[in-house]
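Contents: one structure, followed by commentary.
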Amino acid sequence: MMIDRPAGLLPRQDVVELVAQGAIRAATPVLENQYQPASLDLRLGSKAYRLRASFLPGRGVTIERRLDTIALHEIDISQGAVLERGCVYLVKLQEELSLPADISCSTNPKSSTGRLDVFSRVISDAGGEFDRAPAGYTGALYAEISPRTFSVVVRAGSRLNQARFRRGDAIIGDADLLALHKTDVLVDDTANIESGLKLSVDLRGQASHGVIGYRAQRHTDVIDVDSVARYDILDFWEPIHLRGSGELILDPGQFYILASRETVHIPSSVAAEMVPFDPVVGDFRVHYAGFFDPGFGSAKANGSRARAVLEVRSFEVPFTLEHGQTIGRLVFERLLAEPDTLYGGRIGSNYQSQGLRLSKHFRHI
């Protein structure tokens with residue numbers, strides 16, 4: 001007799017149990033600080049491969065087999081090595097999976113990864129899509145890494161991606177999301193709910209005392225992904241100041257850090273993910289380093305409401321972005337239980353109560 005088990009994301013304590021059961025395993029034991037309220041940080045292994053091109057292995061094909069035809073050369077990153085912008089690399093992750101038949105996995109770049117414009121996604125053996133491992137998957141995981149703006153230093157143990165684990169379909173529909181907003185106030189404004197919670201862009205400096213965003217510079221020094229508060233902002237970024245118009249023209253090929261107009265609160269019973277917004281609304285995309293853990297922007301987790309930081313890249317033509325224009329969408333999912341730890345300062349979260357904020361690697365005044 002089949003047992004109808006509830007659908008939802010696994011909270012931290014359940015992910016700990018998956019590790020204890022061997023459903024998540026690694027040659028080097030999983031560290032306590034890899035566990036997040038509704039996700040697990042994934043660590044790079046010691047060997048990288050420079051690739052001719054991105055790929056998906058496809059049904060019945062292992063990644064090791066595809067490497068024989070697509071890898072250009074091997075790089076030892078055990079003690080640190082530079083991954084150059086514009087190139088594509090593949091690194092086997094230290095964590096492997098042997099998931100229960102009813103548990104699947106999805107992955108996403110960590111916030112700090114996305115804010116450096118490092119395009120990093122996870123692939124699995126026989127996989128036909130990125131950032132997904134099906135229920136019951138057993139095998140290795142690999143990170144495909146392509147720095148787009150800055151060359152970066154990585155090493156064995158660096159954490160560029162994170163994983164969530166779920167049973168069934170946990171997405172919250174619009175009617176239930178509106179009800180959740182009425183009880184928990186997801187945003188400090190009218191909630192624009194349509195296939196998730198829509199977010200708009202702040203181009204009037206509400207989040208940052210007159211600075212409305214940052215444009216990445218070209219031809220900078222490398223950035224060590226494991227460093228914290230090491231680099232001067234002006235060596236890598238050009239601040240964009242408010243000039244009264246409430247508009248910003250996105251230059252083709254440039255990378256921008258902007259902030260949402262709304263402040264966001266993720267209740268302890270749910271988690272959220274930033275997903276790409278419909279491209280028909282503009283010639284740009286929001287980079288989706290998008291996991292929002294329970295407790296983000298919450299006073300319950302020793303914080304206050306926080307703005308979503310938006311990693312934006314324009315496409316082929318200049319595009320005028322206006323203050324208040326819809327630019328992103330948060331999709332919410334139920335948790336199987338409230339996490340035993342919420343996002344916030346107590347667990348060393350870097351972006352609680354944030355306004356417009358660059359990644360942790362830069363010294364903020």
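The values are calculated or read from the model by the stated rules, or taken from the named source; none is laboratory data. Owing to the predicted nature of the structure, the values given are computational and were not obtained by experimental measurement. Please note: Cβ atoms are built from the backbone with ideal geometry, for glycine as well, and neighbour counts cover all protein chains shown. All accessible areas refer to the heavy atoms of the entire protein, side chains included, with ligands and DNA or RNA removed. Shrake-Rupley method; radii C 1.70, N 1.55, O 1.52, S 1.80 Å.
Structural remarks
- Looking across region 47-63 at every residue that is touching a strand residue (DSSP E or B) at 6+ places or on another chain (Cβ under 7 Å) and hydroxyl-bearing (Ser, Thr, Tyr), the one that is modelled with the highest pLDDT is identified as Tyr49.
Conditions (1) assigned to a loop (DSSP other than H, G, I, E, B); (2) at pLDDT 95 or above; (3) not small (Gly, Ala, Ser), marked per residue:
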site: Leu180; (1), (2), (3): no, yes, yes
site: Thr183; (1), (2), (3): no, no, yes
site: Ala191; (1), (2), (3): yes, no, no
site: Ser200; (1), (2), (3): no, no, no
site: Ala207; (1), (2), (3): yes, no, no
site: Tyr214; (1), (2), (3): no, yes, yes
site: Arg218; (1), (2), (3): yes, no, yes
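- Counting the residues of region 136-159 that are in a loop (DSSP other than H, G, I, E, B), open to solvent by 10 Å² or more (accessible area, probe 1.4 Å) and touching a residue at least 60 places away in the same chain (Cβ under 8 Å) gives 7.
- Enumeration of residues in region 185-217 that are under 30 Å from Leu9 (Cβ atoms) and over 24 Å from the mean Cα position of the chain (by Cα): Asp189, Thr190
- Residue match in region 35-45 (condition: open to solvent by 30 Å² or more (accessible area, probe 1.4 Å), more than 14 Å from Arg164 (Cα to Cα) and either free of Cβ contacts under 8 Å to residues at least 24 places away in the same chain or not charged (D, E, K, R) (or both)): no
- Restricting region 46-63 to residues that are polar (S, T, N, Q) and over 12 Å from Leu90 (Cβ atoms) leaves a set whose member that is surrounded by the fewest Cβ atoms within 10 Å (Cβ to Cβ) is Thr62.
- Residue match in region 179-200 (condition: charged (D, E, K, R) and in contact with a helix residue (DSSP H, G or I) (Cβ under 9 Å, 6 or more places away or on another chain)): yes
Residue by residue, here is whether (1) assigned to a strand (DSSP E or B); (2) touching a Leu at 6+ places or on another chain (Cβ under 9 Å); (3) at pLDDT 90 or above; (4) within 27 Å of Asp176 (Cα to Cα) holds:
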{"position": "Glu262", "(1), (2), (3), (4)": "yes, yes, yes, yes"}
{"position": "Ala272", "(1), (2), (3), (4)": "yes, yes, yes, yes"}
{"position": "Ser304", "(1), (2), (3), (4)": "no, no, no, yes"}
{"position": "Asp340", "(1), (2), (3), (4)": "no, no, yes, yes"}
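- Which numbered condition Thr220 fails, given (1) within 21 Å of Gly324 (Cα to Cα); (2) over 23 Å from the mean Cα position of the chain (by Cα); (3) open to solvent by less than 50 Å² (accessible area, probe 1.4 Å): (1)
- Annotation: Asp41 fulfils all but one of (1) under 30 Å from Arg363 (Cβ atoms); (2) modelled with pLDDT of 95 or more; (3) out of contact with any helix residue (DSSP H, G or I) (no Cβ under 6 Å at 6 or more places or on another chain); the unmet one is (3).
- Matching entry among Arg66, Arg85 (being at pLDDT below 95 and open to solvent by 50 Å² or more (accessible area, probe 1.4 Å)): Arg66
- All of (1) part of a strand (DSSP E or B); (2) open to solvent by 10 Å² or more (accessible area, probe 1.4 Å) hold for Gly128 with one exception: (1).
- On the stretch given as region 69-92, residues that are part of a strand (DSSP E or B) and either touching a residue at least 60 places away in the same chain (Cβ under 8 Å) or under 11 Å from Arg50 (Cβ atoms) (or both) total 12.
- Against the numbered list (1) touching a Gly at 6+ places or on another chain (Cβ under 6 Å); (2) part of a strand (DSSP E or B), Gln162 comes up short only at (1).
- For region 9-32, the set of residues classified as modelled with pLDDT of 95 or more and either of a type in the set (S, T, N, Q) or on the phi > 0 side of the Ramachandran plot (or both) consists of Gln13, Gln21, Gly22, listed by residue number.
- Those residues of region 220-251 which are touching a residue at least 60 places away in the same chain (Cβ under 8 Å), of a type outside the set (D, E, K, R) and not in a loop (DSSP other than H, G, I, E, B), in sequence order: Ile223, Tyr231, Ile233, Trp237, Leu248, Ile249, Leu250
- Meets criteria (touching a strand residue (DSSP E or B) at 6+ places or on another chain (Cβ under 8 Å) and either surrounded by fewer than 22 Cβ atoms within 10 Å (Cβ to Cβ) or assigned to a strand (DSSP E or B) (or both)) for Ile266: no
- Condition check for Val30: over 18 Å from Phe130 (Cα atoms), in contact (Cβ under 8 Å) with a residue 40 or more places away in the chain and in a loop (DSSP other than H, G, I, E, B): yes
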